[in-house]
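I have placed the structure first, in the form of structure tokens, so that the comments after it can refer back to it.
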């Protein structure tokens, strides 16, 4: 006995998706721009360090986050 699949999933193309596409592209671009900044490089390095490594240097994770973002946000 032969079996065949009768359900095929098609991508949804409609007015809502067409109107949302430019906003999604701008949002995605803003995220890429923010992640490419020097602050994110420092945050990545901080995340790679363990709490024991920070304690050995006499630092805290909270203090380092405050140091990294002090010129951008009130933390």
Taking R0 as 30 Å, what FRET efficiency do you get between residue 28 and residue 53 from their Cβ-Cβ distance, rounded to the nearest 0.05?
0.35
Gain in span if fully extended, residue 18 to residue 45, counting 0.36 nm per residue against the direct Cα distance:
5.8 nm
Debye calculation, C-alpha points only, no solvent: report log10 I(q)/I(0) for segment 31-75 at q = 0.23, 0.26 Å⁻¹, in the same order as the q values.
-0.83, -0.96
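Values quoted throughout were computed directly from the atomic coordinates according to the rules given, and no laboratory measurement underlies them. Quantities reported herein were computed from a predicted structural model and do not represent experimental measurements. When we count neighbours, we look across all protein chains shown, and the Cβ atoms used for this are built from the backbone with ideal geometry, even at glycine.
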